[in-house]
Amino acid sequence: MPSSIAIMSRADEAVSRVSLWRGENVKVSPLSGGLTNENYLVEANGARYVVRIPGQSTELLSIDRANEVHNTRAAAVTGIGPAVLEVIPERDVMVLEFIDGPTMTAQTLQSAAMAKRMAASFRRLHGATRFLQDFNMFRLIEYYLTIVEAHDFRIPADYRDQLPMVAEIESAVAVGARPSVPCHNDLLCENFIDDGSALRIVDYELSGNNDPCFDLGNTAQEAELDDDLRAVLCEAYFGRPDPQQLARMNLFALMSDVGRDPGQDLRDRLRLQRVLHRALDASARGAGIRTAS
C-alpha cells in the first residue's frame with residue numbers, strides 16, 4: 001500500500017500542473033475516494049475545486065479514462081454531473097466543480113421523496129448526449145474472469161457456481177428491454193450529493209450507454225430500498241406503474257448483488273434465487289410469455 005507521503009506527492013504534483021491556480025497559494029486536503037481513484041479538495045482564490053487522480057493499474061478493471069472524461073462532460077451538460085473545469089491528459093487528472101451539499105447514505109435515500117428525486121436525476125442524466133462507450137455488466141463479468149485467470153487472482157470458491165444464474169438474469173432482462181441511454185452504472189449512495197435543488201451524481205468511471213433499468217436497479221440495491229420504495233422509484237421514472245420494468249429493475253438489482261458479492265451465504269443466495277424467479281415470471285407475463293409454475 002502506498003504511503004500517505006507518496007499519495008500526497010502524487011496529489012501535489014498533479015495540483016502543480018493545473019493552470020486555474022498557477023502561481024497562487026493553494027490548500028490541498030484529501031476527500032473520500034474509492035479503490036480506483038483519489039479525490040482532493042483544492043482551495044484557491046476563495047474558490048473550491050475537486051481534483052480527481054486515477055488509481056494504479058485501474059485499466060485491469062476496464063476503466064477507460066478517456067471515456068470517463070467524455071462522459072463526465074456530457075453528464076455536466078444535464079446539470080446532474082459536476083462541471084469539468086480542466087483536464088491534464090498526460091496524467092489523466094480532472095479538475096471538477098465542487099458541489100456544496102451533503103453526501104448521501106443509504107439511510108438518507110430511503111424515503112419516497114428521495115426515490116422521486118433520484119428518478120428525476122436519472123431522467124436528466126439519461127437524456128444526456130450519448131456517452132462514448134457502451135456498458136454491459138454481463139460482458140464485464142466475463143472480462144473480469146479472464147483477468148482473474150491471467151493473473152491468478154483469488155476469488156470466492158463458489159463464484160463460478162453463480163454464473164448460470166447470471167445467464168438466467170441476462171435472458172430475463174432481454175424481455176421488454178429498453179433502448180440504451182447514458183447511464184452511470186456504479187451508483188454507490190456516496191455518489192449522490194444533494195445541492196439543495198437536485199441530487200447531483202458524481203464519479204463516471206464506469207459510465208456508458210446501458211439499459212436505464214440498470215441504474216434504477218443498481219441504486220435500489222445500493223440504497224437497500226424495500227419493495228415499496230422500488231415501486232415508487234420505478235413509477236416516478238417511467239411516469240406510471242410499469243410491472244414489467246419494475247421486474248427488470250429488480251433483476252438488475254439482483255445482478256448488482258451477484259456481481260459484487262458472489263460469496264454471500266447460502267441463505268442469501270436462496271433468497272435472491274426466489275426474487276429472480278418472481279421477477280422472471282413478472283417479466284415474462286408482461287411480455288405475454290407463458291412460464292411454467
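So residue 133 clears everything in (1) under 21 Å from residue 214 (Cβ atoms); (2) in contact with a strand residue (DSSP E or B) (Cβ under 8 Å, 6 or more places away or on another chain); (3) surrounded by 18 or more Cβ atoms within 10 Å (Cβ to Cβ) except one condition, right? Which one?
Just one mismatch for residue 133, condition (3).
Any idea how many residues of the range 51-86 are hydrophobic (A, V, I, L, M, F, W, C), assigned to a loop (DSSP other than H, G, I, E, B) and modelled with pLDDT of 95 or more? Break it down into steps so the answer makes sense when it comes.
Just the residues of the range 51-86 that are hydrophobic (A, V, I, L, M, F, W, C), to begin with: 51, 53, 60-61, 63, 66, 69, 74-77, 80, 83-85.
Still in the running and assigned to a loop (DSSP other than H, G, I, E, B): 63, 80, 83.
Now restrict to residues that are modelled with pLDDT of 95 or more: 80, 83.
Total meeting the criteria: 2.
Taking the range 156-206 on its own, how many of its residues are acidic (Asp, Glu) and either outside any loop (DSSP other than H, G, I, E, B) or assigned by TED's automatic domain parsing to the domain that holds residue 52 (or both)? Please lay out each step first, then the result.
Our first condition is that a residue be acidic (Asp, Glu); within the range 156-206, this holds for 158, 161, 168, 170, 186, 190, 194-195, 203, 205.
Next, only the ones that are either outside any loop (DSSP other than H, G, I, E, B) or assigned by TED's automatic domain parsing to the domain that holds residue 52 (or both) stay: 161, 168, 170, 190, 194.
Residues in the range 156-206 being acidic (Asp, Glu) and either outside any loop (DSSP other than H, G, I, E, B) or assigned by TED's automatic domain parsing to the domain that holds residue 52 (or both): 5 in total.
Can you find a residue that is surrounded by fewer than 24 Cβ atoms within 10 Å (Cβ to Cβ), at pLDDT 90 or above and among the aliphatic types (A, V, I, L, M) anywhere in the range 215-224? Spell out the reasoning first.
So the first thing to find is which residues in the range 215-224 are surrounded by fewer than 24 Cβ atoms within 10 Å (Cβ to Cβ), and the list is 221-222, 224.
With at pLDDT 90 or above added as a condition, the list becomes 221-222, 224.
Filter again for among the aliphatic types (A, V, I, L, M), leaving none.
Scanning the range 215-224 turns up no residue that is surrounded by fewer than 24 Cβ atoms within 10 Å (Cβ to Cβ), at pLDDT 90 or above and among the aliphatic types (A, V, I, L, M).
Only one of 121, 180, 171 is free of Cβ contacts under 8 Å to residues at least 60 places away in the same chain and in contact with a strand residue (DSSP E or B) (Cβ under 7 Å, 6 or more places away or on another chain). Can you tell me which? Before you say what the answer is, go through the steps one by one.
Values: 121 fails: free of Cβ contacts under 8 Å to residues at least 60 places away in the same chain; 171 fails: in contact with a strand residue (DSSP E or B) (Cβ under 7 Å, 6 or more places away or on another chain).
Among 121, 180, 171, only 180 is free of Cβ contacts under 8 Å to residues at least 60 places away in the same chain and in contact with a strand residue (DSSP E or B) (Cβ under 7 Å, 6 or more places away or on another chain).
Among the candidates 108, 146, single out the residue that is within 23 Å of residue 203 (Cα to Cα), assigned to a helix (DSSP H, G or I) and polar (S, T, N, Q). Steps first, answer last, please.
Numbers: 146 fails: within 23 Å of residue 203 (Cα to Cα).
Answer to the check: 108.
One line per residue, one yes/no per condition, for (1) within 20 Å of the chain's Cα centre (by Cα); (2) surrounded by fewer than 18 Cβ atoms within 10 Å (Cβ to Cβ); (3) of a type in the set (A, V, I, L, M, F, W, C); (4) at pLDDT 95 or above:
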| site | (1), (2), (3), (4) |
| --- | --- |
| 106 | yes, yes, yes, yes |
| 112 | no, yes, yes, yes |
| 138 | yes, yes, yes, no |
| 175 | no, no, yes, no |
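Is it fair to say residue 119 is in contact with a Phe, Trp or Tyr (Cβ under 6 Å, 6 or more places away or on another chain) and surrounded by 12 or more Cβ atoms within 10 Å (Cβ to Cβ)?
Details: in contact with a Phe, Trp or Tyr (Cβ under 6 Å, 6 or more places away or on another chain): yes; surrounded by 12 or more Cβ atoms within 10 Å (Cβ to Cβ): yes.
In short, yes.
The values are calculated or read from the model by the stated rules, or taken from the named source; none is laboratory data. All of these numbers come straight from a predicted model, not from anything done at the bench. Don't worry about glycine lacking a Cβ; one is built from the backbone with ideal geometry, like all the others, and counts go over all protein chains shown.
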